[in-house]
Amino acid sequence: MSELDDLFRQDAAASSSFRTTEPSFDKEAWVQKKQELRQWTYDTIDATTLSVMQNGEAFQQYLDVQSRFDRYSVANALLILAQRPNATRIADFDTWKEQGVFIRRKETGFYILEPGETYQKQDGSTGISYNPKKMFDIAQTTAALKREEPAFPDDRARIKALIDLAPVPIGIGDALPSVKHAFYQPEPKNITIRRGLEAGDIFRALAQELTHAELDRGDGRYNRSDNEFVAYSASYMLCRQFGVATDTFRFDRAPEKWNGLEPQQVRAELTLMKEAFQQTSQRMNRNLSQQRQPKRSDPVR
């Protein structure tokens, strides 16, 4: 026997010792931790909803977050508001890595919910389970120093995008109440805007009235007063997303709107606002994308 054989026996013994001390995977503990984290996200959504209901400033901050993350659900916008209210662009660890971007040291992530598996409810309908997903904002990454300020369209391009393919005709008129810059009428389904307005006033007024037009189902039962707050809030989010001044908006009386409602009912209202805002936002972005495309020149003949 070689006098070196004992080296391999020692290595084998050390390896065996290491394997016996390595902790085994505890599936039950892992499942429990995931359930606790999921419950924490649900509790955080409810707590943040209550904050938004009770405080006009908190509600305005929610609108700011939702305007930046229009493709995210109300629940996820509330989670972002609670954990990272100044976030501007978020992704999980792997997505950032695929883009050649890395999370900076000592940065901690935050959680949103993503759809998981479907399941059958007791009433026979299909439900979707949601799982917490850790995310990181661009400010927490190595891309933070390269971040550029958003480039907003000019006034003409912005207003053109707002009125392009509008759901109802828009005309100029002078017979409007003094407090109104624009007004949607369910009958005959059109919008009248005051002549000679500044660009910011045009956008703010039309954004609100176009939301009314989007909300009107055309069944003759549209109630403007019932939807005034939704249209006002959607207009604010459109202004925030497209770089229009919002200093004239006031939300200090917003808590009165939620009086007597449960958090789930409030989230349903917030979803209505978000969907109305998103519909106009998507239409505008499509138009702005077309405006940015270079025009084809006719071939030389």
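Listing for the model above:
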quantity: For a label point 7 Å along the Cα-to-beta-carbon line of residue 142, residues of segment 100-116 with backbone N under 13 Å; calculated: 100-105
quantity: For the chain, built as a Gaussian network whose Cα springs stay under 10 Å, the top-fluctuating residue of 43, 26, 216; calculated: 26
quantity: Accessible surface, segment 249-293, averaged per residue in Å² (probe 1.4 Å); calculated: 60 Å²
quantity: Beta bridges per DSSP with both ends in the chain, % antiparallel, nearest 5; calculated: 80 percent
quantity: Point-to-point label distance, residue 92-residue 71, nm (Cα→Cβ direction, 7 Å offset); calculated: 1.5 nm
quantity: Estimated inter-spin distance, residue 217 and residue 55, nm [label 7 Å along Cα→Cβ]; calculated: 3.6 nm
quantity: Dipole magnitude (debye, nearest 20) for the chain, charges at Cβ of Lys, Arg, Asp, Glu; calculated: 1120 debye
quantity: Per-residue [θ]222 nm for the chain (sum of -39500 (n - 2.57) over DSSP H runs n ≥ 4, rounded to 500); calculated: -16500 deg cm²/dmol
quantity: Protection proxy ranking of 157-164, 94-101, 270-277 - average other beta-carbon atoms within 10 Å, highest first; calculated: 270-277, 157-164, 94-101
quantity: Additional length obtainable on full extension of the chain from residue 102 to residue 28, 0.36 nm per residue less Cα span; calculated: 23.5 nm
quantity: Residue 197 accessible area, 1.4 Å probe, all protein chains in place, Å² to nearest 10; calculated: 30 Å²
quantity: Solvent-accessible area, 1.4 Å probe, carbon plus sulfur percent, for the chain; calculated: 48 percent
quantity: Where segment 33-77 is the region considered: accessible area per residue in Å², 1.4 Å probe; calculated: 49 Å²
quantity: Fraction of antiparallel bridges per DSSP, segment 163-227 only, in percent to nearest 5; calculated: 50 percent
quantity: Which label in [x] 25.2; [y] 30.9; [z] 14.7 gives the computed mean projected area of the Cα convex hull in nm²; calculated: [y]
quantity: Value of relative contact order over the chain, rounded to a whole percent, pairs C-alpha under 8 Å and six or more apart; calculated: 19 percent
quantity: Distance between segment 232-258 and segment 79-125 - C-alpha centres, whole angstrom; calculated: 26 Å
quantity: Between helix 56-68 and the chain: long-axis angle, C-alpha atoms, 0 to 90°, nearest 10; calculated: 80 degrees
quantity: Helix 74-83 vs. the chain, principal-axis angle (Cα, 0 to 90°, nearest 10); calculated: 60 degrees
quantity: In degrees, nearest ten, helix 27-54 long axis to first principal axis of the chain (Cα); calculated: 20 degrees
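The values are calculated or read from the model by the stated rules, or taken from the named source; none is laboratory data. The structure presented is a predicted model; accordingly, all values stated were derived computationally and were not measured. Virtual Cβ from ideal backbone geometry, glycine too; neighbours counted across all protein chains shown. Ligands, DNA and RNA are stripped out before the accessible areas are found, and what is left, the full protein with its side chains, is counted by its heavy atoms. Shrake-Rupley method; radii C 1.70, N 1.55, O 1.52, S 1.80 Å.
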